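The values are calculated or read from the model by the stated rules, or taken from the named source; none is laboratory data. What you see is a predicted model; the values in this text were computed from it and never measured. A quick note on method: Cβ atoms are made from the backbone with ideal geometry, for glycine too, and the neighbour counts reach across all protein chains shown.
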Amino acid sequence: MKHPIRYRLEYFLVRLFWALFASLPLATASDLGAVLGRALAYLPPLRARVERNLRRALPELSQEQRAVINMGVWQNLGRAMAELPHLKKFTLTEDTPGPGQIQVIGSEYLRPAYDQGQPVILFSGHLANWELMPMVISRYGRPLHAIYRAPNNPLIDKWLYRLRDGVVLSALAKGRSAARGILSALKQGHSIAMLVDQKMNDGIPVDFFGQTAMTAPALAQLALRQDIKVLPVNCERLNGASFRITVAAPLVFAKTDDHQDDVASLMAQVNDILEGWIRARPEQWLWPHNRWPK
């Protein structure tokens, strides 16, 4: 294991903060996370990274608008991290949600495939608290596997794996082993949840906010080759620790003799949907991530 001392120190700090937030009521933990996130926004390197990406993607915004979004990004990120120990405490509702509640809209789009025992691919992005999406979908009674990017720290990765594994049927880290796990899950009629808004260096070039962004094609490849329904799932933070998750109608996409073109077309549709969500609530997206080439 490389960097054993650094990894152990990082792991200790993560567990320390986890214990702190776990000891607090959910709403209080979320509010404290917002305070800590706001403090991060004042660190020049972190603030500059978000500012750079906002200028690139949303050049029409004023400096004042970007500053407000920048602060909101870090507050949302702080809240999302502070809410992690409390994921299993969230309850679902069809009404206006209060603290610790998630309003679910569009659950009827899950039922046709679920009732027939067919798998679906659900996709979302790093919006609001993205860990809620697979947790919410799994509560509808069908097996669900969540695909995630493994942290660089193997100690943290192993620990988070155990936590995710208790929320969904399995958590699969992106890579060759995940590919095998996905194919096995789909053959059994199990569904897959994917976050598809991050850069993949060996992906395919697809437009995103008017610029070329390297995009993972796996979602489109699976959907086209196996005729699987693709459902968009948006997560929004409404106020503090209250959320709304919206499942939209299955995407409509063509299947022609040109598989590569079909994959690119479907991923363009996915990126357009993600962009719409982000434009609606830009302060809730993970802007610190370097989505575009330098």
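Between a first residue in region 70-92 that is modelled with pLDDT of 95 or more and a second residue that is among the β-branched types (Val, Ile, Thr) and in a helix (DSSP H, G or I), which pairs have beta carbons less than 6 Å apart while being 6 or more apart in sequence or on different chains? Sorted first by the residue in region 70-92, then by its partner, the pairs are Asn70/Val50; Val73/Val50. I'd like to know if region 76-86 contains one or more residues that are exposed (fewer than 13 other Cβ atoms within 10 Å of the Cβ), assigned to a helix (DSSP H, G or I) and not aromatic (Phe, Trp, Tyr). There is no residue in region 76-86 that is exposed (fewer than 13 other Cβ atoms within 10 Å of the Cβ), assigned to a helix (DSSP H, G or I) and not aromatic (Phe, Trp, Tyr).
Among the numbered conditions (1) without any contact (Cβ under 8 Å) to a residue 12 or more places away in the chain; (2) small (Gly, Ala, Ser); (3) under 25 Å from Phe17 (Cβ atoms), the only one that Ser62 does not meet is (3). Taking the condition modelled with pLDDT of 80 or more and either of a type in the set (Gly, Ala, Ser) or farther than 25 Å from Leu274 by Cα (or both), does Gly106 pass? Against the criterion (modelled with pLDDT of 80 or more and either of a type in the set (Gly, Ala, Ser) or farther than 25 Å from Leu274 by Cα (or both)), Gly106 qualifies. Considering region 1-64, the qualifying helices (runs of 4 or more DSSP H), each wholly inside and each with 3 or more residues that are farther than 16 Å from Leu286 by Cα and not hydroxyl-bearing (Ser, Thr, Tyr), run over 4-22, 26-40. Checking each residue in region 276-288 for being surrounded by fewer than 18 Cβ atoms within 10 Å (Cβ to Cβ) and under 17 Å from Val206 (Cα atoms) picks out only Gly276.
Listed here are the residues, each with its yes/no results for (1) surrounded by fewer than 20 Cβ atoms within 10 Å (Cβ to Cβ); (2) modelled with pLDDT of 85 or more.
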{"site": "Leu110", "(1), (2)": "no, yes"}
{"site": "Tyr114", "(1), (2)": "yes, no"}
{"site": "Gly117", "(1), (2)": "yes, no"}
{"site": "Ile121", "(1), (2)": "no, yes"}
{"site": "His126", "(1), (2)": "no, yes"}
{"site": "Glu131", "(1), (2)": "no, yes"}
{"site": "Arg142", "(1), (2)": "no, no"}
{"site": "Tyr148", "(1), (2)": "no, no"}
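Scanning region 143-164 for residues that are more than 29 Å from Gly189 (Cβ to Cβ) and in a loop (DSSP other than H, G, I, E, B) turns up Pro151, Asn152, Asn153. When region 1-46 is filtered for residues that are farther than 17 Å from Pro85 by Cα, buried (at least 16 other Cβ atoms within 10 Å of the Cβ) and out of contact with any helix residue (DSSP H, G or I) (no Cβ under 6 Å at 6 or more places or on another chain), only Glu10 remains. Pairs meeting the criteria (first residue in region 169-192 and under 23 Å from Asn152 (Cα atoms) and assigned to a strand (DSSP E or B), second residue acidic (Asp, Glu) and modelled with pLDDT under 80, beta carbons under 6 Å, at least 6 apart or on different chains) are Ala171/Asp165. Among residues of region 96-109 that are of a type in the set (Phe, Trp, Tyr), those with a Cβ under 7 angstrom from a residue that is assigned to a strand (DSSP E or B), sequence gap 6+ or separate chain, pair up as Tyr109/Leu231; Tyr109/Val247. Taking first residues from region 112-133 that are more than 16 Å from Asn76 (Cα to Cα) and partners that are in a helix (DSSP H, G or I) and not β-branched (Val, Ile, Thr), the Cβ contacts under 7 Å between residues at least 6 apart in sequence or on separate chains come to Pro119/Leu186; Val120/Ala113; Ile121/Leu219; Ile121/Leu222; Ile121/Ala223; Phe123/Leu219; Ser124/Met133.
Applying the criterion of at least 2 residues that are surrounded by fewer than 22 Cβ atoms within 10 Å (Cβ to Cβ), free of Cβ contacts under 8 Å to residues at least 60 places away in the same chain and β-branched (Val, Ile, Thr) to the strands (runs of 3 or more DSSP E) found wholly in region 194-261 leaves an empty list.
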